[in-house]
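Here's the structure, in structure tokens; my notes come after.
The values are calculated or read from the model by the stated rules, or taken from the named source; none is laboratory data. What you see is a predicted model, and the numbers here were worked out from it, not measured in a lab. We place every Cβ from the backbone using ideal geometry, glycine too, and count neighbours over all the protein chains shown.
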Amino acid sequence: MSTETTASVSTHILDTSLGRPAEGVAISLSARAGRDARWEALGGSATDADGRCKDLPALPEGTTHVRLDFETEAYFLKPKKQNNQQAEAQQDAPANRDSGASGAFFPEVAITFAVTPGEHYHVPLLLNPFGYSVYRGS
């Protein structure tokens with residue numbers, strides 16, 4: 001892979017309701033070469049204990065658009081660790097009241113963005129049970 005002819009992508013997730021990294025979130029990476037091209041699934045990974053996904057597949061030459069699919073439902077439904085009980089209790093009232101049949105208001109988050117060859121794109125996801133935000137990081 002030549003960094004001059006391809007872009008590269010990395011990401012991490014911070015659970016802003018707990019103030020901690022989101023561990024164990026599955027992430028899939030897809031790419032396409034042109035607005036009208038079909039998406040090509042490249043593979044995926046999962047976030048580590050620091051909420052980082054360090055081993056996403058390389059982008060093929062000619063990639064112009066990238067899509068990151070974050071599988072957030074399993075993360076929100078898994079039991080939280082003992083030291084997160086206070087933060088979880090703060091979340092319980094709204095989460096139980098109106099999160100929908102699945103138990104997660106956002107069961108998945110899909111982020112699509114344009115890329116330029118030779119550039120690196122770090123796209124963090126700031127996540128909580130009822131909202132999320134993304135940005136181009138460094």
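Right, Leu42: in contact with a helix residue (DSSP H, G or I) (Cβ under 6 Å, 6 or more places away or on another chain), within 27 Å of Leu77 (Cα to Cα) and of a type outside the set (Gly, Ala, Ser) or not?
No.
Kindly indicate whether Ala22 is over 23 Å from Thr5 (Cβ atoms), at pLDDT below 95 and touching a Ser or Thr at 6+ places or on another chain (Cβ under 8 Å). No.
For region 31-38, indicate whether the set of residues that are surrounded by 18 or more Cβ atoms within 10 Å (Cβ to Cβ), touching a helix residue (DSSP H, G or I) at 6+ places or on another chain (Cβ under 7 Å) and under 19 Å from Ile111 (Cβ atoms) is non-empty. Within region 31-38 (the criterion being surrounded by 18 or more Cβ atoms within 10 Å (Cβ to Cβ), touching a helix residue (DSSP H, G or I) at 6+ places or on another chain (Cβ under 7 Å) and under 19 Å from Ile111 (Cβ atoms)), the answer is no, since none of the residues qualifies. Restricting attention to region 129-138 and to residues that are surrounded by 12 or more Cβ atoms within 10 Å (Cβ to Cβ) and at pLDDT 95 or above, the residue that is nearest to His65 (Cα to Cα) turns out to be Val134.
Of the residues making up region 4-25, those that are in a loop (DSSP other than H, G, I, E, B) and either in contact with a strand residue (DSSP E or B) (Cβ under 8 Å, 6 or more places away or on another chain) or aromatic (Phe, Trp, Tyr) (or both) are Ala7, Thr16, Ser17, Ala22, Gly24, Val25.
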